[in-house]
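The values are calculated or read from the model by the stated rules, or taken from the named source; none is laboratory data. Given the structure is predicted, the values throughout are model-derived calculations rather than measurements. All Cβ positions, glycine included, derive from the backbone under ideal geometry; neighbour counts span all protein chains shown. Protein only, heavy atoms only, side chains kept; ligands, DNA and RNA dropped before computing areas. Shrake-Rupley method; radii C 1.70, N 1.55, O 1.52, S 1.80 Å.
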Amino acid sequence: MDTRQLQAFCEVVDRKSFSLAAEKLGVTQPAVSLQVRALEKRLGAQLLDRSGRRVEPTESGLKLYRSAQRLLALEEEIVNELAEDATGELDGTFEIGASTGPGGVVLAQILCQFAEVHQTLHIALSVFDTQTVVERVADRTLQLGVVGAAPRHRGVEYEPFFKDTVVLACPPGHPFAGRTVTLDDVRGEQLIMMQEGAGVRQMIEDELRRVGTRLRDLNVRLELGLQESVTSAVRGGYGVTFISRSSVEKDLDAGLLSEAHVEGLELGREIHLVRAAGRSETRAARAFLEFARERLA
């Protein structure tokens, strides 16, 4: 099967547009259309629905997309294995994903330092909730992932990467500021939570279960997506939230947020590295891990 056709098809699905896919691939839009039509002809099935404002995969197209992602990742892996003994500067693209806690500050800073050392390497960090990062590593659209929880997934492997602490963030001047409070104290406050799939949320739910409480027993009236929306709401005085301390360290130093600790909850956590099961690391991934571990030790 022609991997150029598969790549063109996958880019159209990802961007829901022939023109944006062509721009990404550096070719003309007619060239992309020709590749997709040739693929549809070969497979004897319509792969894309072109009737709406956006291009969407058909049921057959969605099945092909999932398999094509694995095949393209395998092709990349083969090329990297053949270049195993290659020397010289790293080039190409290093695609890594992270959840909002580690991706917001710690990982972003290390990647910037890594880029200064390897100036011909293009680095792309994608930030999602933990579950999405895991799924994209599993289907090999990301080379590595860094996440704050380790949900079960047969397509990936986890290993410890570095330590993090979760705190209860509150507005400056809040009665909780700088204190250790009880769960009963927290019940009396409006708690703002990240969306399901976020690593911090999963950790808090696990900890509450451990001490015989559930999240729904608390006063959770706002679920505001991921890190930025939640911290913005807390800065505005709309409630308190559990969040990675490293992600709000600058706000804490600047006095825009205060922190509290909750008695009985163990809020230290392991940040995990996630790889696709059985996948060989690229040179860029190996170099990055060596670089990062030296700085996180």
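Enumerate the amide H contacts of Thr141 below 5 Å, restricted to partners 5 or more residues apart or on another chain; note that Pro and chain-start residues carry no placed amide H.
Here the answer is none, since no amide H 5 or more places off falls under 5 Å of that of Thr141.
Please give the per residue accessible area of segment 1-60, computed with a probe of 1.4 Å over protein heavy atoms only, in Å².
Working: 3710 Å² over 60 residues.
In whole numbers, segment 1-60 has 62 Å² accessible per residue.
Give the share of C-alpha pairs in each 10 angstrom bin for segment 13-166, from 0 to the last occupied bin, in whole percents, shortest bins first.
9, 29, 34, 22, 6, 0
Sort 17-28, 137-148 by packing, meaning the average of other beta carbons within 10 Å per residue, with the highest value first. Spell out each step's value before the answer.
On the way: 17-28: 16.4, 137-148: 23.8.
Packing proxy ranking, top to bottom: 137-148, 17-28.
For segment 203-276 and segment 153-200, what is the separation of their C-alpha centers, rounded to whole Å?
Rounded to whole Å, the Cα centres lie 2 Å apart.
What angle, in degrees between 0 and 90 and rounded to the nearest 10, separates the Cα long axis of helix 283-296 from the longest principal axis of the Cα atoms of the chain?
It is inclined by approximately 10 degrees.
How far is it, in nm, from the label point at Gln46 to the one at Asp206 when both lie 7 Å from their Cα along the line to the Cβ?
Placing both labels 7 Å along Cα→Cβ, they lie 4.6 nm apart.
Using amide H atoms built 1.01 Å from N in the peptide plane, name the residues 5+ places from Leu218, or on other chains, whose amide H lies under 5 Å from its own.
Under 5 Å from the amide H of Leu218: no residue qualifies.
Run the accessible area of the chain with a 1.4 Å probe and give the carbon-and-sulfur part as a rounded percent.
Exposed carbon and sulfur together represent 46 percent of the surface.
Return the distance in nm (one decimal) between the two label points of a simple spin-label model at Glu196 and Glu89, each offset 7 Å from Cα along Cα→Cβ.
Calculated label separation equals 4.8 nm.
Can you sort Lys16, Lys63, Lys163 by 1.4 Å-probe accessible area, starting with the largest? Present the calculation step by step, with values, prior to reporting the outcome.
Values: Lys16 65, Lys63 130, Lys163 150 Å².
Final ranking, largest accessible area leading: Lys163, Lys63, Lys16.
Determine the per residue accessible area of segment 154-297 with all protein chains present and a 1.4 angstrom probe, expressed in square angstrom.
Values: 6930 Å² over 144 residues.
Value returned for segment 154-297: 48 Å² of accessible area per residue.
Given +1 on the Cβ of Lys and Arg, -1 on the Cβ of Asp and Glu, and no further charges, what dipole in debye does the chain carry about its Cα centre, rounded to the nearest 20?
Working: 36 positive and 44 negative charges, 197 e Å.
Charge dipole of the chain: 940 debye, to the nearest 20.
For a label point 7 angstrom out from the Cα of Arg221 toward its Cβ, which stretches of segment 167-207 have the backbone nitrogen within less than 14 Å?
Output list for this probe position: 187-193.
How many lysine pairs in the chain, separated by 8 or more positions in sequence or lying on different chains, have Cα atoms less than 26 Å apart? Walk me through the numbers before you get to the answer.
Details: Lys16/Lys24; Lys16/Lys41; Lys16/Lys63; Lys24/Lys41; Lys24/Lys63; Lys41/Lys63; Lys163/Lys250.
Taking the Cα cut-off of 26 Å, the pair count is 7.
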